[in-house]
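So the structure is just underneath, and the comments pick up after that.
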Amino acid sequence: MKLFLVYLAPFITSTGGAEKVCCDMANAMIERGHDVSILYCYGKSGTPFFPLDKKIQLCNLMALHPEKWKGQLEPKLPKTQKIIREVLRVASISWAHGWEEDYFGKLIRSDLTEMLQKEQPDIIVCNWPKEANYLINYVKTSVPVITRFHFGAQILALNSSPGSKRACSKSQYVSVLLQGDLTYLKKYIPDARGIVIPNAVPQYKEIQTVLCKEKAWYTIINIARLDKHSKRQHLLIEAFAKLSQKYPQWRVELWGSDWNKKYKKELEDLVAKYNLENRVLFKGVTHNVLEKNLAADIFAWPSAYEGFGLAMAEAMSAGLPVVAFRSCQAAREIVGEDCGILVSDGVNAFSKGLEELMANREKRVQMGASAKKSMRQYAPNKIWDAWDRLIMKERE
């Protein structure tokens, strides 16, 4: 079966969870005997941040006719189109997305058509609804399309453009990550054929964080891009500041891309305000997430919303207990009451949740062991076998 994984973004330069999942899926499908290509869209060709089997073909849409893009790294809206989009956004985010997608759909339609004719895939897996919109409504492909939601349907289905919603309705399936997503998918895109396939979470066998030993430093870790509205690392810093004097052997490590320089500066100023420069550390991007988790003691997850929370799940699989907000759907579904502390919204509640684990090593050990065990349900073989069955079902 020839699979075409579509990710129309700067795939090779991104270090986020969606890019990792795309690479993991491509590798897993190659192992199961499929022929796999990944279609991305960027002004330069290259290899992704995450490991990718050499048998997987990378197809760059912008490399098909580079003269068309005049040196751009990404397709961009003209200034007048941006103004119209932002005016529409005041009335409806969905309409704003629709305006933008209509422009890009017409812009890349011929290139997408040419690429499909060249590659001749049997199944297309779109990583976002807008990609399904381009392929189904603009290219009008007859190839079966499966559309993935890497983000919570509560937001993504609500704010998707009218064209993307129609494309989801025409897709063979729409794959969501959490059981709760099906409710929102049905609410906002009633005709979509929803199916729940969670993200695959690495299993580390007997490897586990060493939470029971005495240490010179104990570490609260967060692994996520620095993002003010979704990841909200400022809440972690504020919460830790309330505890820093009482627990002088504890520190915070923030791992992840600092693409939002303005927000990073806000975080640095916040750290300086509390004189925590030596105890709240900005560590950047890492290729070895497991190593960082194994050296930590608590995984802090102050996110407002997540598609799945893969970084959190990987930390749990390594044996770390979690502190997260109950209002985050992913945390509610993934973090059992014996695996971590779910708290109400607000800095004070998050601080109390952290302290509950910081003050009690035995609880950290017990919850860490439970967290590790609970991640077995997301073992890669189970998840990728589910995808393989779905793909083969379409072949039949």
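Any read-out appearing in this document is the output of simple, stated calculations on the displayed coordinates, not a laboratory observation. Just so it is clear, the model here is predicted, and its values are computed rather than measured. Using ideal geometry, Cβ is built from the backbone for each residue, glycine included, and neighbour counts are taken over all protein chains shown.
Data overview
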| item | result |
| --- | --- |
| Fluctuation leader among Gln172, Gln233, Gln377 - the chain, Gaussian network, Cα springs under 10 angstrom | Gln377 |
| For segment 7-43 and segment 80-96, distance of Cα centres in Å | 30 Å |
| Net length gained if the chain between Lys262 and Asn288 were fully extended (0.36 nm per residue, minus Cα distance) | 6.7 nm |
| Check: the chain dipole with +1 on Lys, Arg Cβ and -1 on Asp, Glu Cβ, in debye | 500 debye |
| Under 5 Å, built H, 5+ apart or other chain: amide partners of Val125 | Phe4, Leu5, Val6, Ile146 |
| Loop GluC sites (Glu not before Pro), segment 30-92, which have at most 11 other Cβ atoms in a 10 Å radius of their Cβ (DSSP) | none |
| Selection of trypsin sites (Lys or Arg not before Pro), segment 116-163, meeting DSSP coil and at most 11 other Cβ within 10 Å | Lys140 |
| Within the chain, helix-based [θ] at 222 nm, where runs of 4 or more DSSP H residues each add -39,500 (n - 2.57), nearest 500 | -13000 deg cm²/dmol |
| Assigned charges on the beta-carbon of Lys, Arg, Asp, Glu; segment 83-196 dipole about Cα centre (debye) | 300 debye |
| Per-residue HN-Hα couplings for segment 380-387 [Karplus 6.51, -1.76, 1.60; θ = phi - 60°; Hz; x = Gly/Pro] | x, 4, 5, 5, 6, 5, 5, 5 |
| Length-normalised contact order for the chain - Cα pairs under 8 Å, 6+ apart - percent | 14 percent |
| J(HN,Hα) series, segment 111-117, from Karplus relation 6.51 cos²θ - 1.76 cosθ + 1.60, nearest Hz, glycine and proline x | 5, 4, 4, 5, 5, 5, 5 |
| Local net charge near Glu214, Cβ-Cβ under 14 Å (Lys/Arg +1, Asp/Glu -1) | +2 |
| In sequence order, calculated HN-Hα J values of segment 165-179 (Karplus, 6.51, -1.76, 1.60; Hz; x Gly/Pro) | 5, 5, 5, 5, 5, 8, 5, 4, 8, 10, 8, 10, 9, 10, 4 |
| Highest-fluctuation residue, Leu342, Leu73, Leu135 considered, GNM on the chain with Cα pairs under 10 Å | Leu73 |
| Farthest toward positive dipole pole in the chain [+1 Lys/Arg, -1 Asp/Glu at C-beta], among Ala296, His34, Ala379 | Ala296 |
| Overall form of segment 267-345 per C-alpha gyration tensor (a/c, 1.5; a/b vs b/c) | oblate |
| Listed residues Phe4, Cys22, Ser94: farthest to the positive end of the dipole of segment 1-112 (Cβ charges) | Ser94 |
| Global geometry of segment 217-362, whether rounded, prolate or oblate, following the gyration tensor of its Cα atoms and the 1.5 cut on a/c | rounded |
| Tensor-based shape of segment 19-130 (alpha-carbon gyration tensor, a/c under 1.5 rounded, otherwise prolate or oblate) | prolate |
| Lys, Arg +1 and Asp, Glu -1 on Cβ, resulting dipole of segment 4-130 about Cα centre, debye, nearest 20 | 460 debye |
| Nonlocal amide H pairs with Ser257, under 5 Å, H built at 1.01 Å | Arg225, Leu226 |
| Cα-based helix-to-principal-axis angle, 261-273 vs the chain, degrees rounded to 10 | 10 degrees |
| Among Ala63, Ala216, Ala300: highest mean-square fluctuation, GNM of the chain, C-alpha pairs under 10 Å | Ala216 |
| Sorted by Cβ density within 10 Å, fewest first, the residues Lys231, Lys2 | Lys2, Lys231 |
| Dipole of segment 218-378, positive end: most advanced residue of Ile334, Phe350, Ala272 [Cβ charges, Cα centre] | Ala272 |
